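Below: the structure, in structure tokens.
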Amino acid sequence: MTAAARSTGALAFALCLRRAALPGVLATGLAAIGALVFAPELGDPATATTPATATGALTNWLLLPLLTIAVTVAVTVIFLWPTFAHRQPGADWVRRLHRGPLAGCGAVIAGALAAQLALSLPLMTLFARGLGAPAEAAVHRALSPPDSGALLSPGRPRLAFDLPSSSAELAAIELRPLAAPPGATLEPSHVAIELGGAPLSSPPAVFDQTGQFMRLTFTPRPASRLELVLQSGNVPLFFPAGAVVAVEDAGKNGTTNGCLAALLWLVPTFVALAFSCLAGAVAARPTVLTVALTLLVLFGIAGLGPAQPVLLGVLRGHWLLASSAISASGPSLLAGALAMIGAMLLRHRNRR
């Protein structure tokens, strides 16, 4: 990297850090108050069965400061660098200093991402822990339903799932089935779990509505087969892919998980700035800003890409290296890389 690029990246880092710090702090304070006031109701802590994952309901409060920082960083970069948009004052002088095809845009994007990372790390570790993220993360494996079907009902009271041979000892099972109307007066279905043919000592999970979440915890034990047993009730339960999750006992460091989450949360900002850089080869600043803000909203609020899986993973204690967040980042990174290549080609053609 040339001295000009290093100084440009450092300039972008310092300016983005200074501009985004205060909005990030204010958004974090607002999120902390909101999470406290609108705290979700917890299940009975005296039982091993809980009706919901409370921390997952706090995703939006972690999203608020993260998205605020990302938006501030993106806007700062677009206004900072003259060549980021078409025909801006000072662009010719910048092109003489930066001879590369991006005219310094790549360096300012790198500096902006570094600033976002510095501000996001405390949020993904300390603030997420304050919202209830566990100190240790665990590998969560979604089990595929058996080939013969995944319906648990009075006519079919047992349903078996095979566990991967590479699984460590299991410490919990998470269930989120779809419920069908019963044929008679509703009687909630009580579902027990057997591992390797041995029943668990945990209380059964009780279901009376569709999409209801239950988590059964137990003493860690090895298992190669899991069976759901309908003990009583008449609510038919359907278990599609992902409705049964086996939670391994092997604990992963929660701080490391938060640091990885902060890195993955750079992906939406990178993609937004990459497409803004592409648009800026031919478009003025208002269009460039619209592209960046639209993409950040789609990533952060509409659930596009890895943003939502990352936040849910951190708050629920899912080890991100074994989660869907990594695979969800691949297409986004590829799209951002292609946008940067397109920006280089288009800007090179415009300079000829």
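The values are calculated or read from the model by the stated rules, or taken from the named source; none is laboratory data. Keep in mind it's a predicted model, so treat the numbers as computed, not measured. Here the Cβ positions follow ideal geometry from the backbone for every residue, glycine too, while neighbour counts run over all protein chains shown. Only protein heavy atoms, including side chains, enter the accessible area calculation; ligands, DNA and RNA are left aside. Shrake-Rupley method; radii C 1.70, N 1.55, O 1.52, S 1.80 Å.
In contact with a Ser or Thr (Cβ under 6 Å, 6 or more places away or on another chain), of a type in the set (S, T, N, Q) and in contact (Cβ under 8 Å) with a residue 12 or more places away in the chain: is that true of Thr255 in this structure?
Working: in contact with a Ser or Thr (Cβ under 6 Å, 6 or more places away or on another chain): yes; of a type in the set (S, T, N, Q): yes; in contact (Cβ under 8 Å) with a residue 12 or more places away in the chain: yes.
The answer is yes for Thr255.
Those residues that are polar (S, T, N, Q), at pLDDT 90 or above and open to solvent by 20 Å² or more (accessible area, probe 1.4 Å), I need them from region 63-99; list them, please. Answer for region 63-99, where residues must be polar (S, T, N, Q), at pLDDT 90 or above and open to solvent by 20 Å² or more (accessible area, probe 1.4 Å): Thr68, Thr72.
Every condition in (1) crowded, with 23+ Cβ neighbours inside 10 Å; (2) outside any helix (DSSP H, G or I); (3) among the aliphatic types (A, V, I, L, M) is met by Ala283 except one, and the failing one is (1). Annotation for region 105-117: no member residue is at pLDDT below 95, of a type in the set (Val, Ile, Thr) and touching a strand residue (DSSP E or B) at 6+ places or on another chain (Cβ under 6 Å). The set of residues in region 103-123 that are buried (at least 20 other Cβ atoms within 10 Å of the Cβ) and touching a Leu at 6+ places or on another chain (Cβ under 8 Å) comprises Gly104, Val108, Ile109, Gly111, Ala112, Leu113, Ala115, Gln116, Leu119, Ser120, Leu123. Just one of the listed residues (Leu321, Leu345) is in contact (Cβ under 8 Å) with a residue 40 or more places away in the chain, of a type outside the set (D, E, K, R) and in contact with a strand residue (DSSP E or B) (Cβ under 9 Å, 6 or more places away or on another chain), namely Leu321.
Within region 169-210, the set of residues being of a type outside the set (S, T, N, Q), surrounded by 16 or more Cβ atoms within 10 Å (Cβ to Cβ) and part of a loop (DSSP other than H, G, I, E, B) comprises Arg176, Pro177, Pro182, Pro188, Leu200, Pro204.
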